[in-house]
Every structure is written in C-alpha cells, then in structure tokens.
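Any read-out appearing in this document is the output of simple, stated calculations on the displayed coordinates, not a laboratory observation. Nothing here was measured: the structure is a model prediction, and the numbers come from that model. All Cβ positions, glycine included, derive from the backbone under ideal geometry; neighbour counts span all protein chains shown.
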Amino acid sequence: MKRRNLLAAVGAASLSGLAPAVQAQAYPTKPITVIVPFAAGGPTDALARVLCQKMSEILGSQLVVENIGGAGGTIGVNKVAKANNDGYTLLFTHMGTLAVNIALYKSLPYDSLKDLEPIGMGGTNPMVLVTKKALPAKNFAEFQDYVNANQKTVQYGMAGIGSASHLGGLMLNSMMKVEVLEIPYKGTGPALNDLVSGQFDYMVDQAVNVLAQINSGNIKALGVSSLKSLPQLPNVPTIDSSGLKGYEVSIWNAFFGPKGMSKENIARINDALVKTLSDAAIVKRLTELAVDLPSKEEATPAALATQLKASIDKWVPAVKSAGVKPE
Ligand code: ASP
C-alpha cells in the first residue's frame, strides 16, 4: 500500500472508531419532543413544563412539550411507543397510562413493560376530591349522602379511561358503592374549567391542578387521597379518615423513551432530570404544589422500572376487584 493510501486508511479507521463516542457526547444536538398524553393546562402538562424548562437549560437543547390527549392518555403513549428511538421523542406521563389502564382496556396498542425505556421519575402527587362550588355538601360525610341520594343526576369528571382522575374517581365511587355518570375529557385542565363553571359535580384530581382554584374559592375541597393531610390544605381531612378507610391514591409521573433508546442517551436525560430535581427553585415550586420529589436513588431508570412493575402489581388487581369492566 502506498504511504498516502495507508494514511488515509488509518485515518478512516480511527475516525470510524471515534464516531460513536463523538455522537454520544453530542446528544442532544436539536430540540427533543416530549409528548404529554393529556391536554395542555392540566397536571401532567404542568409538571412536564416545569421540569422540561430546567432540563432544556442543562442539556443546551430545547425539550418541547407536545400535548396529545384523548383515550385516557393511550393515544399519546402509543405514539411514543412507536416512535424513532433516537432520543428525540420522549414521553412524560403518569402511572395511569402505563399501569392502571391494563385493567381497563380489553386491548392496549402498547405494552408498558416491553415498548418503553424507563428514564426517570419526575415526582408523585396526591389527589384531592373537589366539587363545584354550588354542591350542597360542606364535608365528606355530606358529600357521600348527597351523591348517594342523587346517583341518577350526579356527574363526575375525569380524563378518560385509565387516567389518574378515573382511578381516583372509580375507587371513590366503588368504595362509596355508588354509580354515577362519568364525563370524559382530554385532560383535567379542561375538566377543571368546567368544574369551576359548575358543569359537572365533582372530580378527583392531582393537587398540582386544583390547589389554586381551591384557594381562590372557585371549587370546594372535601378530602385528600393521601393517608396524611396536606400542609397545603390543612383544613381538608383525608378521605381515609372521613369514612372510606383504606382509600389512598397517589400519582407518580415520569419520563420514558421508545424501546431501544440508547443507554447513553437515557443517561444524558436522566442526568439532566436528577440535576433539575435538586435545583432549589424547582424543589421550592414543586413542594408548594404538594409534589413529592424522588431521591437520587429513586430517580434512576432501574428504580422507575421497579416502580412501574410494582404499580401494575398493585393497581391491576385493585381496579379489577372494584368491579370495573374493561372496555
Ligand atoms: N389529571 C389527568 C388525569 O386524570 C391528566 C392530566 O390532565 O394531566 O390523568
């Protein structure tokens, strides 16, 4: 081989050897789409936007939230499950769309455990039972009596089959032994607007979405879904202590990618998430919204995989025993 050709061959070989490392370091080089499978202005969207803004700064590339609501979040999740796994399409969703809905749909277009790569936990949020202002009940006991006596006309709002608000509502209704009409929305952002204007009677939704409207007096809070009352709502007792012993629902939210997303790219997003979760301003803001933030250990991809499996094991039998038929 002539010297010039030999040099060219060596150069090509070393370049191709370097290429993967250079590429891995470079990710991300362009904006990343983060699909939120619910309407804008709801809790999943709000949490995603707070986290993505800081993560964008850390990554030096924009994380752009895209809202794809409908069918209890399954449309948006499916889009990510079928997306290119190059790291430029991610999912931010909650446990309803990946665990609870397994019990509620006859067939889902994706397999939560096989079609997605866990990236990291974004935070857990308790729920609050909220009613329209005009509902004639001042506390949970009066609410229960009212719903019981008016089952034919009472309506509760939720974000579609398998959503968090559906889980919160169906466990509540099942434990109260009532059957009421459910009004599905593409997210509880739009549902909350309708609750404020009194178009349906009640909803169980993540604290993130409802605290401001409760504090402004536009809706009433009659119970919280955690076993301890919330510092943000000191006068609202737990549903568990108000007559429905054992009622407890908290909603975790997390980042996922399509199956096969590279370990390096997962680690890069996870690193930005972990840094975001320890940022003082983010911690303050999310704590005010009753979001319980994961520790560094709880925020790893492996911990999220374990949490997803645990949630499936917990909620699928619980929902089935609540007697809800899959659709
Ligand atoms: N809170 C909704 C749910 O019930 C989701 C949302 O609108 O973010 O799942």
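Numerical summary
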{"item": "Exposure proxy order (Cβ contacts within 10 Å, fewest to most) of 112, 107, 241", "result": "107, 241, 112"}
{"item": "Label-point gap, in nm, between residue 216 and residue 57 - each point 7 angstrom along Cα→Cβ", "result": "2.7"}
{"item": "Efficiency of FRET between residue 114 and residue 150 - r from beta-carbon atoms, R0 56 angstrom, step 0.05", "result": "0.80"}
{"item": "The chain - mean residue ellipticity at 222 nm from DSSP helices (-39,500 (n - 2.57) per run, n ≥ 4, rounded to 500)", "result": "-13500 deg cm²/dmol"}
{"item": "Descending semi-axes in whole angstrom, ellipsoid equivalent of region 172-228, from the Cα gyration tensor", "result": "18, 16, 11"}
{"item": "Centre separation in Å (Cα based) which lies between region 146-166 and region 96-116", "result": "22"}
{"item": "Gyration tensor (alpha-carbon) shape descriptor, region 244-327, a/c threshold 1.5", "result": "oblate"}
{"item": "Diffusion constant of the chain at 10 °C, which comes from Stokes-Einstein with the Kirkwood Cα-pair radius and 1.306 mPa s, µm²/s", "result": "77"}
{"item": "Part-to-part distance (alpha-carbon centres) for region 282-300 and region 184-238, which is given in Å", "result": "20"}
{"item": "Spin-label pair residue 309/residue 64, simplified geometry with 7 Å Cα→Cβ offset, distance in nm", "result": "3.7"}
{"item": "Neighbour-count order for 313, 201, fewest beta carbons within 10 angstrom listed first", "result": "313, 201"}
{"item": "Whole-angstrom gap from region 71-92 to region 31-61, using each part's C-alpha centre", "result": "14"}
{"item": "Segment residue 285-residue 245, length gained on full extension (0.36 nm per residue, minus Cα span)", "result": "11.3 nm"}
{"item": "Separation in nanometres of the label points that stand 7 Å from Cα toward Cβ, at residue 295 and residue 138", "result": "4.4"}
{"item": "Charge-dipole axis of the chain as Lys and Arg at +1 and Asp and Glu at -1 on Cβ define it, positive-most pick from 247, 55, 72", "result": "55"}
